[in-house]
Amino acid sequence: MSARKESNLWSILAQPRSIFWAIRGGIFLSIAFWVLFAPEYNHRIWALVAFFTFYSLGSQVFTKKYRIPEEKLYFFTTILDLIFITLAGLLTDRKESEFFYLYFLVIPFGSYASGFFAGLLLALLSSIFYLSLNVKDFSILPTSHVLFKILSLWILAVCMGIVVTELKNSKSKLLRMFDILNQRTSELEKSQAQIETIYETSRTLVEKLNRDEVVEEILNIVQKILGYNFFSLFILKDANSVSLLGEIKDGEKIKYTEPKVETRKKVTGGVVIWGKPVRIFDVTKEPDYDINPDGIKSFLAVPMLSRGKVIGVMEACSTRAGAFLEQDERIFSILAGSSALAIENALLHQMTEELTIVDELTGLYNYRYFTRKLRTELKRAQRYEHPLSVIMVDIDWFKRCNDTYGHLFGNMVLQELALRIKESVRDVDLVCRYGGEEFVVILPLTKKADAQMIGERIRQRVERDEFGNNRESSKVKITVSLGVASYPENGLTAKELIGKMDQALYLAKGHGKNLVRTI
């Protein structure tokens, strides 16, 4: 017999229904042999066979119709089998009846199909039936013989009950193991899917060269893929503080254009120092964790490593204890690595861009950035029909200052003048170095009259202050001339506004300098 056929045979025999019908066949064959080979028999045995056939077949039909549990069915049919065997013994020679041995067939099955305690009850009933069957022959039968048979029935029932109980316990353990295995498999599949999604999404991170866009994408990944409701993204600022670029609070994304500077937490410091993740099952039992007003229970922090150096920390929290598993730590670390590279690339790009648009001497934006920004502000002013003004500032007699005190001193004057202009305008105004000793200011939402007032404030501030800190010479007084132009009265394009602003400046120069003029 092949291994496959043998396996199929055992799987069939292991089913209670198959054993049930095998026992039916065994009992029926016992009756048939007795009828064929017994010297004489009672014709009432046929009524007994009919009874046996009726309840064997009827029990199956009854069970299918009323959906009775199999355990109850087999317990009930085993009792009927005991009654049938006892009646069969009554119809034959009681003390010599071989039908008694059928007890050893049905009792184990009853214990197997119905359980340990049901098997004990069946053993008790079979003992009573056997004693009742031989009650008239106790004087003839040896006591040891009777006790041996009864004890054998009990031992068989107990042993089968123990075996069945152990099998059921093993089955329960195996099912629980399968459930755990299925759960772990599901978690692994989910984890694998998250890792693949994060890998694919992380590719878009490094393609973004704007820091705000990178932070926005990280927040989207954390919220939509990882499903974290509490998250913080920190970049190291100095030894004791960090800059918060963005966070998720109770499912709400918050992105900071100007990073929030915070004191570094103790637990965050450990991540930075050792460069290793920290996962806390229950923060209420962790003395190093700061008290959180959001009712946080579990915590996960991973370092953002770039070129072997920690540049920041990503933190996730949950209001449920033990919310973060080992695979969460692994996935979070993958995202942190990609995020670190993306943010560093964005910062490097920003620094590179600033080198091309920022004047090295004064720290102001240069002419290239001024023209780009002016076109942007003009489009906004045209779209919303808002006013816009520009001011050009030029130092009077600056060549004389350079010839007298030297170019290094002149550079100091330019640096200080840039600072005075920035202090004299609003935060929304943009100050740029136009070239040489000329500066320009873009004033959004500003009419010509207001721009003239701002220009006058700059002129007075410069006239009042002293410039230069060269030890070899005294501080000097300087003055500036200013030209003002406004949209829409002086022009509709950047070129027209710059031309009118330049004309106004020359008008101020031509009328004696240290003046504010407009066209």
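What follows draws every value from the coordinates through simple rules; no lab data is involved. In this text, all values refer to a predicted model and were calculated from it rather than measured experimentally. Note that we place each Cβ from the backbone using ideal geometry, even for glycine, and neighbour counts take in every protein chain shown.
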Peptide ranges 162-173, 488-499, 122-133 listed from the most packed, as the mean C-beta count within 10 angstrom indicates:
122-133, 488-499, 162-173
Hey, if you put +1 on the Cβ of every Lys and Arg and -1 on every Asp and Glu Cβ in the stretch 240-350, which of Met304, Leu245, Phe324 ends up farthest toward the positive end of that dipole?
Met304
Using alpha carbons only, how many degrees (0 to 90, rounded to 10) separate the axis of helix 3-13 from the longest principal axis of the chain?
70
Ranking Ser111, Leu417, Leu48 by how far each Cα lies towards the positive end of the charge dipole of the chain (+1 on Lys and Arg Cβ, -1 on Asp and Glu Cβ), the top one is Leu48
Using the alpha-carbon atoms, what tilt in degrees (0 to 90, nearest 10) does helix 16-37 show relative to the longest principal axis of the chain?
10
For the chain, calculated [θ]222 nm from helices alone, where every DSSP H run of n ≥ 4 adds -39500 (n - 2.57):
-20000 deg cm²/dmol
Over the stretch 333-433, calculate the relative contact order: mean separation of alpha carbon pairs under 8 Å at least 6 apart, over the residue count, as a percent.
33
Picking from Met177, Thr446, Leu82, whose Cα lies most toward the positive end of the charge dipole for the chain (charges on Cβ: Lys, Arg +1; Asp, Glu -1)?
Leu82
Please turn the phi angles of the stretch 229-238 into ³J(HN,Hα) values with the Karplus equation 6.51 cos²θ - 1.76 cosθ + 1.60 (θ = phi - 60°), one per residue in order, whole Hz, x for glycine and proline.
8, 10, 8, 9, 10, 10, 10, 5, 9, 8
In debye, nearest 20, what is the charge dipole magnitude of the stretch 367-518 about its Cα centre with +1 on Lys and Arg Cβ and -1 on Asp and Glu Cβ, if you could check?
320
Within-14-Å neighbourhood charge of Asn240 [Cβ basis; K, R +1; D, E -1]:
+2
For the chain, percent of DSSP beta bridges that are antiparallel (nearest 5) comes out at 95
Simple Cβ-charge dipole of the chain, Lys/Arg +1 and Asp/Glu -1, about Cα centre, in debye nearest 20
640
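Quick one: how many lysine pairs in the stretch 208-350 have C-alpha atoms under 12 angstrom apart, if they're 8 or more apart or on different chains?
Summing the qualifying lysine pairs gives 4.
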Run down the lysines and flag those whose C-alpha is under 24 Å from the C-alpha of Lys399, throwing out any fewer than 8 positions away in its chain.
Lys422, Lys475, Lys477, Lys509, Lys513
The extension gain from Phe62 to Thr356, computed as 0.36 nm times the residue separation minus the Cα-Cα distance, is 96.7 nm
Could you grab the relative contact order for the chain? Cα pairs under 8 Å, six or more apart, rounded to a whole percent.
8
In degrees, nearest ten, helix 407-424 long axis to first principal axis of the chain (Cα)
60
